[in-house]
Each structure stands twice: as structure tokens, then as C-alpha cells.
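Chemist: Next up is a structure, given as C-alpha cells.
Since every read-out is calculated from the coordinates, none of them should be taken as a lab result. Because the structure is predicted, anything quoted here is derived from the model rather than measured. In this analysis, Cβ positions are derived from the backbone assuming ideal geometry, glycine residues included, and neighbour counts consider all displayed protein chains.
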Amino acid sequence: MVTNVDIVIVGAGPVGLVLAVCLARWGYSVKIIDNRSEPTPTGRADGIQPRSLEFLRNMGVKGDLFAFKPARVYEVAFWDPQAAGKGIGRTGTWASCPKFIDARYPFTALLHQGLIERTFIKDLEKNGTTVQRPWSIADFEKDGKDPQYPVSIRLEKVESDEVEHVRAKYLFSGEGARSSIRQKLGIQMQHKDPIAHVWGVMDGVVRTDFPDIKVRDQDSLNESATDFGFQMKCTIHSDHGSIMVIPREANMVRLYIQVASSTDKDWNPRKIVSQEEVQATAKKILAPYYIEWDRIEWYSCYPIGQGIAERYSLDHENIFLGGDACHTHSVSYKSSTIDFSSTDTFSQPKAGQGMNTAFLDAQNLAWKIHHVEAGFASKSILRTYESERKRIAENLLDFDARYAKLFSTRLPAAEEVAGAAKVTAERNDEPENEFVKTFKESCEFTSGYGVAYQPNIFNWSPEGHSASKNQVFLRYPEQTALRTGRVLIPSTVTRVTDANPTHLGKSYSASLARTNC
Ligand SMILES: Cc1cc2nc3c(=O)[nH]c(=O)nc-3n(C[C@H](O)[C@H](O)[C@H](O)COP(=O)(O)OP(=O)(O)OC[C@H]3O[C@@H](n4cnc5c(N)ncnc54)[C@H](O)[C@@H]3O)c2cc1C
């Protein structure tokens, strides 16, 4: 028997789930499968950026996510070597999402990927859709035998003889970095520079006297992170290497530790470092402070590298890819412990952007499919999914490569941070050093407000369109930073009707919000 559905989504990671949630809410029939028997159990992505928080709030799922009590990072602290072998000392801080961005949620929420996936799964179930597990895609073909459902798909249950035949209007690969659909379509990944650094990442509960890691006692675990006090992200540069410290939910802390670099004499990009070696390195870096682990939830070791798919679609009509299937910011090839499948391949960003980018890939494709299927627009608008999102991924990869290098080779010195903050605050045009520039860009990128689409059928521009056809848009009004192709300027405005200060993003509902569906 063959079943007809609107869309088959392969992969229930962040990109597949957001696409499924959007389309299921609009009433489309969605078949979403995943070859794992459960959502991500531990580790992986953990940082939800300010722009994504706004998006998730407008989707109506932020409350469910915050029920997991994520850590909130408003500030980054810098630690550098002190003179005469005295270990490290704190040399500066900066806002993780500076005031000039005026974000509605000016912080990063830290929560492990599995909890984020579960929130979307719960929402999907409310709309009558469940993730079919453990199922995989065996084969597919756009044979056009049924013009309404042109894609024929064969699904198979993992480690079973059970198969299903489905016809769909759309097929989407949200399979992550090793997308089988991408491979079958012969779409190549274009890789950027060779891998130049190897990092270890470890999630766990620690005991330490390092002042920027706040360890809660058991009694305070039910308090929200904000009740508890500050939670800092730290970048630590020492004579023994570099660490990034990221607070997590449930009293955990994540440590990213550089374990090898192409400048090492014995450089090996496939170097595997054990959990114990990474812990020993962390202890040396944090001296004169001590650190001990009560529990390690997840550990992985990965080289940094970037890749992007040459295309995001077979034909811009029926078969599409998104998320890590299209862009990876580095690859994890080995984990030494807990809950990690050796078949996993990840994107791992020093800039913490893979999942956040995946959300917006899905949202971009979802509303376009809806416009086509609801008869509001012609199928040709689907072409803009690739042109808009691929360019964002390219920018992100360029940025990520620079950012990763910055963290891997040399962490910023305090005086540079102070310089960056000053330049940012004054918004002047003084010449900037490379770090200041990267810092400023990183604020926009890492907050998620740096996404800017090029002129196209949706985005008018003075350069790209003839003024005579667009009399209403002869030019951008002076004194405004509002631009087509960008999110509305994040800003707090005064509501004319009652003089209430309100964030602009709150004044319009996303068409995806539960209440509007
Ligand atoms: C240590 C680490 C830290 C990270 N931190 C951050 C962060 O702070 N912020 C951030 O934004 N990103 C972060 N990332 C990156 C983030 O995890 C990925 O970018 C994100 O998960 C991509 O989502 P996705 O849905 O495209 O792919 P995935 O999350 O990889 O999901 C793919 C899904 O498809 C399934 N699948 C694969 N093949 C098949 C198949 N043939 N059939 C059926 N199912 C299949 C898999 O089981 C999986 O569930 C981090 C990654 C790592 C490793």
C-alpha cells in the first residue's frame, strides 16, 4: 500500500523538527522519521541565541523550553596568564549581547539539545504528528508518476524487514552532516581550510574554587538560574592552553578545551585525547584554582573544519536539504565516553551557531512551502530558499573560521576587549584592529541579528530594483537602519495607543504562534 503525504522529513534534529512543527500547525500532513530510537540524550548544541529566543517566543514554545531552567549568559569574562608563573587572572568582561543591539532577550540560554528537541516533539504531538522511530530512508525518486505527489519514497525500519512506501509533494533531508539524501543526489560538500585545531568538550558537575564557575548546592537546584545569581561564560588563555567555560542547566558546566593545534610539533588532526587527559589539561590551565568532577555527562573530541553543500535542493521544487546536511562548522569523529554513537558526525561551532542556523533554515522553507501550497505564490519562490540561506551559511562559515582561529590560537587580551567595548558603545568610525572588528561582527552574528538577505523578489533595494516600478520605495528614509531582507530592528518602542514601552518584536505575532493557527 502507498500512502500520500504532503511532506516526508528525514531526521528529527532541530531543523527537521522546526520544519515539521511549522507545517503541522498549518495543517499539512507530515511524516517525520528518525533512525535513532530516542531524541539526543546528552551533549551537543546548548546555546540558544537572542534572535532564536525571539523566534521561539513568537512560535509559542519559549515557555516550555524555559521550564527546563536553562542557564542564562549575559556576560563573558576574560582570563589571561599573569606574570611570573602565577597562573591565570581575570582581565575583563563584556556583554554577550551588547546594549546597542537592543535585543528583546539579551542573553544566551543554555540547554542541551535533547531538551530542545523534546519541546518540539511535544508541540508536534499536540498537532497529531509523532516522530516515527527508529526508521530510515531506503530510497527515493522524483518519478512524477503522480503529478500531485511526484516523489516516491521507500522507508525502512532500522534492523527490521518492515518497509513503507510513501508518495509526497516534498522530501526534506534534516539528517545532519552525513545526509544520505545529499549523497544520493550527488551534491558535494565544499570544504574550507584544512583542520587546524582539535578540541575536547566535556559536560559535567564540578567542584571548584574558580570564581566564575558557580556551583549550586543540591538545595538550590530548584531555583531558577537567575534567582541563583550570575552565570558567566569565560574564555581562558593560559600558558598551558585555552578553555571556554559555559554554564549549563542542572548545575552542569561545559568546558571546551583545546587539545592540539597545527602549530604543535607533533600535530595530528586526527588526534584522540582521552577524557582523563583533557581533565588533566583543564587542571593545569585553571591553576591556581582547583577543579574536580563529581560527574561527567558527556565528553567528545573533535577537529575544527568547515563545509557547505554546493546546492540545497535537487530542483528547487520538491526535494530540499537543511541544517547540518548543508553546512557544518566542524566535525566530531570520536568520543571516548558516554552516550555517543561512533556513527555520529556533527557540526560544532566555536561560535555556537549550527542549531540556531538550522532553526532559521526550517522557518524560511516552511513559510515558502505554505505560500505555494496555499496558492498565495508560485512555486518559483522556493528558489529563494537556497539563495537566501546558502549565503547566510557562507557568511557564517567565514565568520566561524575566523572566530575559531581567534579562540584556538590566541584569546583576546583585556585591553582589546576594552577597546572593542568603547568603539561599539560610541559607534564611531575609527580604524579598528582585527580583533575589534571580529568582536563587533560576532555580537551581531552570535546574537543572531546579523542575518541579511540580498535583494530578490521579496527584498527591495535601491540598487536592485527600478525606482519607477516602486515609487513608494524610492530610497531608504534617512536616519533609519531599517533594511529589507533583515529582521525588524530589535528595539524598544513606545506604543502610541497607551504609551507603554514595548519591544517591537512583541508587537507582531509570528504566523506560526500556536494561537494563530
Ligand atoms: C559539542 C557541540 C556543541 C554544539 N553547540 C552548539 C551551540 O551551542 N549552538 C548551536 O547552535 N549549535 C551547536 N552545535 C551544533 C548543532 O548540534 C548542530 O548544528 C545541529 O544539531 C544541527 O541540527 P540538524 O537538525 O541539522 O542535524 P542533527 O542535529 O545532526 O540531527 C539529524 C537527525 O537526523 C537523524 N538521521 C540521520 N540520518 C538519518 C537517516 N538516514 N534516516 C533517519 N534519520 C536520520 C539523526 O538521528 C538526527 O536525529 C553543537 C554541536 C556539538 C557537537
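Chemist: Applying 1/(1 + (r/R0)^6) with R0 = 51 Å to the Cβ-Cβ distance of R383 and S262, what FRET efficiency is obtained, to the nearest 0.05? Intermediate results must be reported in sequence, preceding the final value.
Modeler: Values: r = 39 Å, r/R0 = 0.77.
The calculated FRET efficiency here is 0.85.
Chemist: Separate question: Could I have the simple spin-label model distance between D239 and E159, label points 7 Å from Cα toward Cβ, reported in nm to one decimal?
Modeler: 5.2 nm
Chemist: Calculate, in nm to one decimal, what D315 and Q183 gain on full extension: separation in residues at 0.36 nm each, minus their alpha carbon distance.
Modeler: This chain segment gains 46.0 nm when fully extended.
Chemist: To continue, here is another question. I'd like the trypsin sites (Lys or Arg not before Pro) in region 78-172 restricted to DSSP loop residues with at most 12 other Cβ atoms within 10 Å, sorted by number. Numbers along the way, then the final one.
Modeler: Details: sites: K86, R90, K99, R104, R118, K122, K126, K142, K145, R154, K157, R167, K169; in loops: K86, R104, K145.
Passing both the DSSP loop test and the Cβ count: K86, K145.
Chemist: Additional query: How far, in nm, would the chain grow between K142 and E276 when pulled straight, counting 0.36 nm per residue and subtracting the alpha carbon separation?
Modeler: On the way: separation 134, 0.36 × 134 = 48.24 nm, distance 5.01 nm.
Going from the current span to full extension adds 43.2 nm.
Chemist: Stretch L482-Y74 to full length: gain in nm at 0.36 nm per residue minus the Cα-Cα span? The partial results should precede the final answer.
Modeler: Working: separation 408, 0.36 × 408 = 146.88 nm, distance 2.57 nm.
This chain segment gains 144.3 nm when fully extended.
Chemist: Which pairs, out of K192/K265; K62/K169; K145/K368; K62/K506; K69/K214; K390/K506, put more than 19 Å between their alpha-carbon atoms?
Modeler: In this structure, K192/K265; K62/K169; K145/K368; K390/K506 lie more than 19 Å apart at Cα.
Chemist: If each of E394 and Q190 carries a label point 7 Å out from its Cα toward its Cβ, how far apart are those two points in nm?
Modeler: The two pseudo-label positions are separated by 0.6 nm.
Chemist: If the label point is 7 Å along Cα→Cβ of T502, which residues in region 88-108 have backbone nitrogen under 17 Å from it?
Modeler: The answer is 104-105.
Chemist: Sketch the reach of a paramagnetic label on F376 as a point 7 Å from Cα along Cα-to-Cβ, and name the residues of region 1-40 whose backbone nitrogen lies under 18 Å away.
Modeler: 19-29
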